[in-house]
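Here is the structure we will look at, set down as structure tokens.
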Amino acid sequence: MKLLAINGSPRKHNNTGKLLEQVVSGAQSKGAKTELIHLRELQYTGCVSCFACKRIGGPSYGRCILKDDLSAILDKAHEADILVLGSPIYFGTETAFTRAFQERLWFQYFLYSLTKPPLSHRKKATALLYTMNLNEERVAEFGYDSIINRAKTVMERLFAPCEVFLACDTLQFDDYSKYDTDMWDVPAKQKRHMESFPQELEKAYALGVKLAG
């Protein structure tokens, strides 16, 4: 069993990265072969709307024809038994790294058809992991739930039922005094992180166990 985890955060080992590392560890505990990819290390673009993946009889029917650093990652995602996408939410949506990956991953499988199934070749376990500065009570207020549900709907249409993992009210900085920001109750945010983030790491590990089990 192969698990591929995708980190769409520009920071490799902060909130999103640490949670994905725990998902990976949980899956490894069940014997899965795992790989964690950091998109910030790659050079690639989003979909360029060439439609080569839709061309009947074409050499890239059902697969993205673009050749860049993302090509090999899309191949790995195609073959994986478990696919986990992780991203912070910036300005109400996934990071640019993540959105470009989603475009390339998703569009290659979609057909403009009301009768034919998508071209994703087999079912796979999937999960979406999001981190954000908002607390849980404000997710719906800011419309983040619609962004998350959109991605979940696409993943389930292409692959299989999709787990969603949210880590809210995350800590942005190790030392807030170094940065120009006055909108946070810093002591409360730090206290929340100290108390809650270890629990979220445990839940991420349990998610990996569940996906691989």
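Tabulated data for the structure shown
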| read-out | value |
| --- | --- |
| Residue within the stretch 191-202 that is among the small types (Gly, Ala, Ser) and farther than 19 Å from Ile89 by Cβ present | no |
| 3 or more residues open to solvent by less than 20 Å² (accessible area, probe 1.4 Å): qualifying strands (runs of 3 or more DSSP E) within the stretch 1-119 | 2-7, 82-90 |
| Close pairs from the stretch 68-81: first free of Cβ contacts under 8 Å to residues at least 40 places away in the same chain, partner assigned to a helix (DSSP H, G or I) and open to solvent by less than 10 Å² (accessible area, probe 1.4 Å), Cβ under 7 Å, at least 6 apart | Leu70/Phe101; Leu70/Arg104; Leu74/Arg104; Leu74/Leu105 |
| Residue that is nearest to Tyr109 (Cα to Cα), among those in the stretch 160-178 that are over 15 Å from the mean Cα position of the chain (by Cα) and charged (D, E, K, R) | Asp169 |
| Residue check, Gly208 open to solvent by 60 Å² or more (accessible area, probe 1.4 Å) and in contact (Cβ under 8 Å) with a residue 24 or more places away in the chain | no |
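The values are calculated or read from the model by the stated rules, or taken from the named source; none is laboratory data. Bear in mind the structure is a predicted one, so any value in this text is a computation, not a measurement. Cβ atoms come from the backbone with ideal geometry, glycine included; neighbour counts cover every protein chain shown. Heavy atoms of the whole protein, side chains included, go into the accessibility calculation; ligands, DNA and RNA do not. Shrake-Rupley method; radii C 1.70, N 1.55, O 1.52, S 1.80 Å.
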